[in-house]
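Engineer: What follows is a single structure, and I will ask about it in a moment.
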Amino acid sequence: MPNAVQAPSIPAGMEGIAQLSATDQVAALRQRTCPVTQEPLGSMGKPIRVTVGGQSIFVCCEGCVAAVKRNPDKYLRGASTRQHSIIR
């Protein structure tokens, strides 16, 4: 398939990203860190996609899902300010 996304190589310490689809792996690697904890995505297992207000970001754990849902503007803005990828 010419349009298929190839899974990227996963850096050490971010192994949980390998559990995502190839497309999500690329997005998570662009984002690199959880906007709540600043920990590397994948360091605590499979990153979790959170969608609020039509925008999605990855977080490291369920606790961070709750934080993003409580204050989405803070974390969506923070992710874009740090030039992390916001997934559409």
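Computed from the coordinates by the stated procedures, all read-outs in this text should not be read as laboratory data. Just so it is clear, the structure is predicted and the values come from calculations on it, not from any experiment. Every residue, glycine among them, receives a Cβ derived from its backbone with ideal geometry; neighbour counts consider all protein chains shown.
Engineer: Just add up the charged neighbours of Pro47: K/R +1, D/E -1, any other residue whose Cβ is under 13 Å from the Cβ of Pro47.
Structural biologist: 0
Engineer: To continue, here is another question. With the Cα gyration tensor of the stretch 1-75 giving a ≥ b ≥ c as the square roots of its eigenvalues, does the rule (a/c under 1.5 for rounded; else a/b larger than b/c for prolate; else oblate) give rounded, prolate or oblate?
Structural biologist: Taking the square roots of the gyration eigenvalues as a ≥ b ≥ c, the stretch 1-75 is oblate.
Engineer: Moving to a separate point now. Determine the dipole magnitude for the stretch 21-81: charges of +1 sit on the beta-carbon of Lys and Arg, -1 on that of Asp and Glu, nothing else is charged, the reference point is the Cα centre, and the result goes in debye to the nearest 20.
Structural biologist: It comes to approximately 100 debye.
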